[in-house]
Amino acid sequence: MSALAAALGYPHRHLLGIEGLSAGEIAHLIDRSEEFVARNQGSEKKGGSLRGRTIINLFFENSTRTRTSFELAGKRLGGDVINMSVEYSSMKKGETLIDTAMTLNAMNPDVLCVRHPESGAVKLLSDKVNCAVINAGDGTHEHPTQALLDALTIRRRKGDLRGLVVAICGDILHSRVARSNIALLNTMGARVRVVAPRTLLPTAIERLGVEVFHDMKRGLANADIVMMLRLQTERMSGSFVPSVREYYHFYGLDYAKLAVAKPDALIMHPGPMNRGVEIDSEVADDIDRSLIRHQVEMGVAVRMACLEVLADNLARSNSGNAAEARP
Amino acid sequence: MSRLALVNARLLDPAAGRDQPGGLLAIDGRIADLGPALFADGVPDGIETVDCRGMTLIPGLVDMRAQLREPGAEHLENMATASQAAAAGGVTTIVCLPNTDPPIDDVALVEFVRRRGREIGLANIHPYGAATKGLAGKELTEMGMLAAAGAVGFTDATHAIANAGIMRRAMSYARTFDLLIVQHPEEPALSHPGGMNEGEIATRLGLPGIPAAAEIVLLERDLRLAELTGVRYHAGHVSTAGAVEAIRAAKARGLPVSCDTAPPYFALNETAVGEYRTFAKLSPPLRSDGDRRAVVAGIADGTIDAIASDHAPHDQDSKRLPFSSAASGVIGLETLLPLVLELVHQGDVRLDRALDAVGRAPARILGLDCGRLEIGAPADLALVDMDRPWRIAVDRFRSKSKNSPFDGRPVQGRTMLTVLGGRVVHRAED
């Protein structure tokens, strides 16, 4: 796969989602990420491949973790990184998303990393700018760099994604992480299960190529990877599930439920965790089983790879255009 | 005495048993005579004459639901631009929804709309009155007085009358005066916060969905309440197979109920949303293809009585937004006729049924004297080149807003001339 992936690369201008990407394109991004893991573990972390490039982190939704990860990635590549947080509620009254996009576009950034609370908003914005756009999470749609970092994390431990049984558990309905992971894992040949009460599953989820379970012990049976999702506080008390207590009883990951998975099954969580809600603290902190801290580490490497690939593509297409423009 | 002669036409009004070559004479706004023998010896001097060149003369279309945005949102559309769009589309009668600002819940507003319509003089414009004050779904409006002033039915427009108790009382009160109640059949507790049809596509796009049950649940409740109160009840823009079935069953039970749909619900399905195309965001949403086919079948067998444009003008600012924030609705006055004829050209619906759905059926439901090609009827006419191919181009629309999902669609059948009350109000440029 890797030779093929390297030959084809990632030919797109943006990274808006995993759905629609080929296995080769995904593998290419993961391969490129791998190069940065070792560098990030050394003491000299800074490179210069993005020197002179401007990266804007445009966040319409609060997220310290993801924003920091993108910021660090950009800086370690030598780029100039600007963080912009926009309070979405105040934006609704005046300036539209398109206005914001046009304004930023006029400042000639090279890459925009955008998070937005509405599905499709990042795609809309990407249609209006000349730079590359990375979707840092749009509504309940996609969060492609999370799926890539999850894949990198799994690959480093299991060698290959093909044939692995991955159980994604919890609030699938509101999860962009779940959608991106389902698309990526299916494309890369893993077997994906989702496990949740029916109120937290979107209609027709089985059409996305997953096996659906409502019982953790069935859903986790012989799983290689158990991926837990965060349950938002406002959905815990009666609106989607009756109580934290009941949710934890049936869907919280503890050793008893984990016992049915493969003995070497690994645990993942995109963070931030609700300990005692979707995951037991002991399980989350189990250094033999839990990959949660590795995921965060891989996140920086994946974002470095994505930034570098897209910045290269942009530079190439711009110089191509300039060549065409010459008489 | 104003007179207009139309010669060399194919006179078409299937419900009157008329499909023949001939001419038509309008005197003082009404059809004075028509038929093959008329003007056999030529048109007498001094009468304005239109040579129809063999094209088809039908009753002007009756569009039983459109939003005209006046008063209150004239930057989106106003009664003048909407009237021009109607004339260009062969629509001679528009019934407008009361969701203006202020809403049409007061006699003065009913009079305002009617007067403006007459002043503009390009289409007959009748308003619905609000069923509840301020469209708030709480207190009944002065339905009796509003009806006397010219409101042809009562509805809370794009809001469902969701509270069963309020609906029952609105129906009972309307029944007192034999008035029509028109519902937006969508249970808000099930549709909120959805933006498109619930299903695989919504799941892939990460958009909250609106289940078909949102429509069916409210409709079935209303049908029970209609049975209880005996009111004349009309369901707007039916979009699901389940709703068509519910109406079919209610009619079989003999209830005085009717319904309409709009072209997007038979010409498009949920796949039109594509990658968050807000021009394909409607309320109710575009449904599955199974639902679409059920709507076509419902039109064909008359379960769905009428086809309305459901004209809903929105500007770029309300549509160039993330899907969930974008406004719902599409314009439709200038595309109603070709999209209805598409059903005929495809062999899905017979021509007589299709014309009934945009003519006699809505006129009958609303109690309006129009939609007929008969002596004594208003001379509201559309001259149509039935087979003429053309491509829908929104930049040529008269509507002030251009939010149509049909831009670029090849269609067949074009309005060449529109006559309102015996006056030519539109002539196609090409």
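The values are calculated or read from the model by the stated rules, or taken from the named source; none is laboratory data. Remember, it's a predicted structure, so these values are computed and weren't measured experimentally. When we count neighbours, we look across all protein chains shown, and the Cβ atoms used for this are built from the backbone with ideal geometry, even at glycine. Just so you know, the surface numbers come from the protein's heavy atoms only, side chains and all, with ligands and any DNA or RNA stripped out. Shrake-Rupley method; radii C 1.70, N 1.55, O 1.52, S 1.80 Å.
Miscellaneous remarks
- Check on A:Asp288, open to solvent by 10 Å² or more (accessible area, probe 1.4 Å), in a loop (DSSP other than H, G, I, E, B) and of a type in the set (D, E, K, R): yes
Per-residue answers, yes or no, for (1) of a type in the set (D, E, K, R); (2) within 14 Å of chain A (Cβ to nearest Cβ); (3) farther than 26 Å from B:Asp63 by Cα; (4) under 24 Å from the mean Cα position of the chain (by Cα):
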{"site": "B:Glu139", "(1), (2), (3), (4)": "yes, no, yes, no"}
{"site": "B:Ala149", "(1), (2), (3), (4)": "no, no, no, yes"}
{"site": "B:Arg175", "(1), (2), (3), (4)": "yes, no, no, yes"}
{"site": "B:Pro185", "(1), (2), (3), (4)": "no, no, no, yes"}
{"site": "B:Leu218", "(1), (2), (3), (4)": "no, no, no, yes"}
{"site": "B:Ala226", "(1), (2), (3), (4)": "no, no, no, yes"}
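- Filter pass, B:Asp356 being open to solvent by 30 Å² or more (accessible area, probe 1.4 Å), modelled with pLDDT of 95 or more and over 30 Å from B:Val231 (Cβ atoms): no
- Count of the range B:161-189 residues, restricted to those that are open to solvent by 70 Å² or more (accessible area, probe 1.4 Å) and of a type outside the set (D, E, K, R), is 5.
- Taking (1) part of a helix (DSSP H, G or I); (2) open to solvent by 20 Å² or more (accessible area, probe 1.4 Å) in turn, A:Gly238 satisfies each apart from (1).
- Elements of the type helices (runs of 4 or more DSSP H) sitting completely within the range B:153-228 and holding at least 3 residues that are in contact with a helix residue (DSSP H, G or I) (Cβ under 7 Å, 6 or more places away or on another chain): these cover B:164-176, B:200-205.
- Condition check for B:Pro193: within 30 Å of A:Arg176 (Cβ to Cβ) and either more than 14 Å from chain A (Cβ to nearest Cβ) or open to solvent by 50 Å² or more (accessible area, probe 1.4 Å) (or both): yes
- Scanning the range A:193-211 for residues that are open to solvent by 10 Å² or more (accessible area, probe 1.4 Å) and away from chain B (no Cβ under 12 Å) gives A:Arg193, A:Pro197, A:Arg198, A:Thr199, A:Glu211.
- Identification of helices (runs of 4 or more DSSP H) wholly contained in the range B:250-343 with 2 or more residues that are basic (Lys, Arg) yields B:289-300.
- The range B:273-325 - residue that is farther than 16 Å from B:Thr240 by Cα, over 16 Å from the mean Cα position of the chain (by Cα) and of a type in the set (A, V, I, L, M) and, of those, farthest from the other protein chains (Cβ to nearest Cβ): B:Ala280
- Among the residues of the range A:166-211, those that are more than 19 Å from the chain's Cα centre (by Cα) and under 19 Å from A:His269 (Cα atoms) comprise A:Val195, A:Ala196, A:Pro197, A:Leu200, A:Leu201.
- Of the residues A:Arg13, A:Arg67, the single one that is in a helix (DSSP H, G or I) and either under 23 Å from A:Arg176 (Cα atoms) or open to solvent by 20 Å² or more (accessible area, probe 1.4 Å) (or both) is A:Arg67.
- Qualifying residue in the range B:338-353 (condition: within 16 Å of B:Asn124 (Cα to Cα) and surrounded by 23 or more Cβ atoms within 10 Å (Cβ to Cβ)): no
To keep it simple, each residue is scored yes or no on (1) open to solvent by 10 Å² or more (accessible area, probe 1.4 Å); (2) more than 10 Å from chain B (Cβ to nearest Cβ); (3) in contact with a strand residue (DSSP E or B) (Cβ under 9 Å, 6 or more places away or on another chain); (4) not small (Gly, Ala, Ser).
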site: A:Ala106; (1), (2), (3), (4): yes, yes, no, no
site: A:Val114; (1), (2), (3), (4): no, yes, yes, yes
site: A:Ser119; (1), (2), (3), (4): no, no, yes, no
site: A:Lys123; (1), (2), (3), (4): yes, no, yes, yes
site: A:Val129; (1), (2), (3), (4): yes, yes, yes, yes
site: A:Pro144; (1), (2), (3), (4): no, yes, yes, yes
site: A:Asp150; (1), (2), (3), (4): no, yes, yes, yes
site: A:Ile154; (1), (2), (3), (4): no, yes, yes, yes
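- Taking the conditions (1) more than 14 Å from every other protein chain (Cβ to nearest Cβ); (2) free of Cβ contacts under 8 Å to residues at least 60 places away in the same chain; (3) of a type outside the set (Phe, Trp, Tyr); (4) at negative phi in turn, B:Leu268 satisfies each one other than (2).
- The set of residues from the range A:272-282 being within 24 Å of A:Ser69 (Cβ to Cβ) and surrounded by 14 or more Cβ atoms within 10 Å (Cβ to Cβ) comprises A:Met273, A:Asn274, A:Arg275, A:Val277, A:Glu278, A:Ile279.
- The condition (being of a type in the set (S, T, N, Q), surrounded by 23 or more Cβ atoms within 10 Å (Cβ to Cβ) and closer than 30 Å to B:Ala170 by Cα) is satisfied by just one residue among B:Ser258, B:Ser328: B:Ser258.
- Filter result for B:Arg18 (under 19 Å from B:Asp380 (Cβ atoms) and open to solvent by 70 Å² or more (accessible area, probe 1.4 Å)): no
- Odd one out for A:Thr54, checked against (1) among the hydroxyl-bearing types (Ser, Thr, Tyr); (2) within 30 Å of A:Leu164 (Cα to Cα); (3) more than 14 Å from chain B (Cβ to nearest Cβ); (4) in contact with an Asp or Glu (Cβ under 6 Å, 6 or more places away or on another chain): (2)
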